[in-house]
Amino acid sequence: MIRSTPLLAVQLADALRGTFRARAPASTEVSAELLESARVSGVEALLRRRMPAAGRDAERYQMLEEALRERRLAALFAALEAHRIRAATFKGWALSRLYPPGLRPVGDVDLAVHPDDEAHAQAVVAALPAAERPEVDLQSNLVRYLPDRSPSDLLARSAVHATASGPIRVLGAEDHLRLVCLHQLHHGGWRPLWLCDVAVLLESLPDGFSWAACLDGSRRRSEAVLACVGLAVEWLGAVPRVTPPAVNVPPWFRSAMAAAWERGFRRSPEPLLGIPLRRLAPALRARWPDPLSATLHLGAPLRWVPRFPVQLAELVRRAGRHALRRWRGTGVTPAAGAPA
Amino acid sequence: MSDTPKARQNGVLVQPAGDELLLYDERTHRAHCLDARAAQVWSLCDGQRTLPEIARALGPGADGEAVVAWTLDALAEADLLETGESVREMLSRRRMLRNIGLAAIPLVMAITAPHARAAVSTCSTVGQPCTVKPCCSGLTCSSSLICQ
């Protein structure tokens, strides 16, 4: 179990254990603090399964959202298909469909397309009737999460899932699991829902799932994927349908994830330029990188190296990148669709 | 209230959930949950049956017309019937309560959306600022720098 980790994370991991399965988990006491933490991090419906007398509004609402999203996604895929655009969705609905209905919020639509099709796909999305248009996060470049996979390969390995509303294409299971693991580390792992996603994916691996294909590519990223898999098994009781390679989760990884759960959502830090002196220290502290994202971004080894130098190096990298942007006068990357 | 109430189907997403019926009004973005009895009344509102006929179709022991009237009122209030006028004109809620008692009332509940932090995303969705992240596809950044 979790040792030397913040209490809230320990409690949350224990309470979420097995809640993602069709069979209702055993009832247990859930504190108001735990429920609030679950509420802001998207696992409220899962946690409420531990509280038989509790309201089920989150579950009901998410059930409706999921049905609505499925219908809109099917319409979107039909429109893309009519324009001969190959696309695949991931996260969001692609994960919520694996849970019992209503247990996971669907969020927006993440859609992978080939870079050559991006503009065309954007036009197709924009042409959908407003009432039927999902909020699409079009991504032609998944390099942030999967730098070792080409868009063509990702799309070629994607699979079609039949739904009552029509076919929907989802990233292949191997790529999806890898992406879901690396995505959570990229964002510092603050959301317990992301580890539940890993658990659910592990328990729904299709026949013929290849761990070799999932772990193909950057060795360090693959180690990070395996650490997430190990944590989902250890904390949430996931039982993978296809046995993964042996994994030993590094102790720092466990503590970092628990600390991230405890801390929760991190707002973007306050700009330093012109900041009052009394707010300088917290603004600097807020910039200190978490060990999970720092390790991923720097491609640092998961073992043998203490995390402090990795975090320091990541801070320098971020500061350098920021300085370079300012020097070039670009500031923040211009937002597509933003007014000139 | 029409003599033959009709359940609104246009722009309403219907999702069965066990005994309950979940409804999402795509026009108002409001969600509702009908318990088993309210769901039964709603599904009997086909625009052909009158209130007494709906009560009869519910079967004996369903507490009769007062219960149906109560349910229709709640459905009308939630804008889930094609005819918007309230059944209150026919029977006041207070009188209905006297007739049927609290325990027998079918429930039409509004569902509150969960307030999870927005999933980390590379684009901003409706109502989010477009200053930090670009708007998602199909949305535009308004002059007030909000994605619409």
### Message
If I model a spin label as a point 7 Å beyond the Cα along the Cα-Cβ vector, how far apart are those points for A:His83 and B:Asp35 in nm?
### Response
4.8
### Query
Can you list the residues, at least 5 places off or on another chain, whose amide H is less than 5 Å from the amide H of B:Leu81, using H built in the peptide plane?
B:Arg8
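In terms of the Cα gyration tensor, with a ≥ b ≥ c the square roots of its eigenvalues, is the stretch A:60-171 rounded because a/c is under 1.5, prolate because a/b exceeds b/c, or oblate?
Values: a/c = 1.79, a/b = 1.30, b/c = 1.38.
It comes out oblate by the Cα gyration axes.
At R0 = 25 Å, how high is the FRET efficiency between A:Val305 and A:Ala212 if r is their beta carbon distance? Nearest 0.05 is fine.
The computed FRET efficiency comes out at 0.40.
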### Summary
The size of the Cβ-based charge dipole (Lys, Arg +1; Asp, Glu -1) of the stretch A:271-330 about the Cα centre, to the nearest 20 debye, is 220
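Which order results if A:Trp288, A:Trp252 are arranged by neighbouring Cβ count within 10 Å, fewest first? Walk me through the numbers before you get to the answer.
Numbers: A:Trp288 12, A:Trp252 17.
Ordered from fewest to most neighbouring Cβ atoms within 10 Å, A:Trp288, A:Trp252 come out as A:Trp288, A:Trp252.
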### Query
Under a 5 Å amide H to amide H cut-off, with H placed in plane at 1.01 Å, what residues pair with B:Arg30 once short-range neighbours are removed?
B:Asp25
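For a test of the definition: using alpha carbon positions, the gyration tensor, and the 1.5 limit on a/c, classify the stretch B:9-77 as rounded, prolate or oblate. Before the final figure, lay out the partial values.
Values: a/c = 2.13, a/b = 1.70, b/c = 1.25.
The shape class here is prolate.
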### Message
Using a 7 Å offset from the Cα along the Cα-to-Cβ direction at both A:Thr28 and A:Asp153, what is the distance between the two label points in nm, to one decimal?
### Response
4.0
### Query
To the nearest 20 debye, what is the magnitude of the charge dipole of the stretch A:171-299 about its Cα centre, counting +1 on the Cβ of each Lys and Arg and -1 on the Cβ of each Asp and Glu?
780
#### Entry: Taking A:Val247, A:Val124, A:Val136 and counting other C-beta atoms within 10 Å, the order from fewest to most
A:Val247, A:Val124, A:Val136
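Arranged by the count of other C-beta atoms within 10 angstrom, fewest first, what order do A:Ile168, A:Ile85 take? Provide the component values of the computation, followed by the final result.
Values: A:Ile168 23, A:Ile85 19.
Exposure proxy ranking, most exposed first: A:Ile85, A:Ile168.
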### Message
Quick test of your reading: applying the under-4.7 Å Cβ rule, which cysteines of chain A are isolated?
### Response
A:Cys196, A:Cys214
### Ordering of B:18-27, A:88-97 by packing [mean C-beta count within 10 Å, highest first]
A:88-97, B:18-27
### Message
Once each part is reduced to its C-alpha centroid, what is the distance from the stretch B:15-83 to the stretch A:202-222 in angstrom?
### Response
49
### 3J(HN,Hα) from dihedral phi, the stretch A:173-188, Karplus parametrisation 6.51/-1.76/1.60, rounded to Hz, x for glycine, proline
4, 5, 5, 5, 4, 4, 5, 4, 5, 6, 4, 5, 6, 4, 9, x
### Query
Okay, which of the stretch B:20-47 sit inside 13 Å, backbone N to the point 7 Å along the Cα-Cβ direction of A:Ala131?
B:25-29
### Summary
Extension length gain for A:Arg279 and A:Ala323 (0.36 nm per residue less Cα distance), in nm, is 13.7 nm
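Here, each number is a calculation from the coordinates, and none is a lab measurement. Given the structure is predicted, the values throughout are model-derived calculations rather than measurements. Note that each Cβ is placed from the backbone with ideal geometry, even for glycine, and that neighbours are counted across all protein chains shown.
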